[in-house]
Amino acid sequence: MSRFCVGDRKCIVCRNMLNKSMMIRIARTKDNEIFVDISGKSCGRGAYICKNTECIDKAIKKRALDRSFKCKIDTSVYDELKGVLSGER
């Protein structure tokens with residue numbers, strides 16, 4: 001029997017499994033537009049990062065989204081991540 005719930009997702013930085021509501025989703029559309037998905041329901045492939053400064057800082061330093069989406073991510077997406085965490089967005 002699995003110890004994880006249906007709503008659990010894995011952080012691309014720390015690899016911890018957490019509930020979807022405790023994470024930030026970054027989405028990539030079919031047109032390769034990449035953005036922070038506040039609603040968590042936008043169409044496209046998603047990557048999840050924990051809502052804490054350590055994971056966000058490591059994601060920026062290690063360019064974790066570049067690796068996850070296998071393409072170069074604009075720095076504005078990383079800036080938007082910081083904004084979401086600080087409550088600006």
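Evaluating 6.51 cos²θ - 1.76 cosθ + 1.60 at θ = phi - 60° for every residue in segment 32-45, the Karplus couplings come out as 6, 7, 10, 8, 7, 9, 4, 6, x, 10, 5, 5, x, 6 Hz, glycine and proline recorded as x. Distances between placed amide hydrogens fall under 5 Å for N16 paired with C11, all partners being 5 or more residues away or on another chain. Other residues with beta-carbon under 14 Å from the beta-carbon of R63 carry, at +1 per Lys or Arg and -1 per Asp or Glu, a net charge of +2.
Of the listed values [x] 3, 12, 16, 15, 16, 13, 8, 5, 6, 4, 2, 1, 0; [y] 3, 15, 27, 27, 18, 7, 3, 1, 0; [z] 3, 10, 8, 9, 8, 9, 8, 6, 5, 5, 5, 5, 5, 4, 3, 3, 2, 1, 0, 0, grab the one calculated as P(r) over Cα pairs in 5 Å bins from 0, in percent from the structure here. This structure yields the entry labelled [y].
Values quoted throughout were computed directly from the atomic coordinates according to the rules given, and no laboratory measurement underlies them. Here the structure is a predicted model, which means the values were calculated and not measured. Note that we place each Cβ from the backbone using ideal geometry, even for glycine, and neighbour counts take in every protein chain shown.
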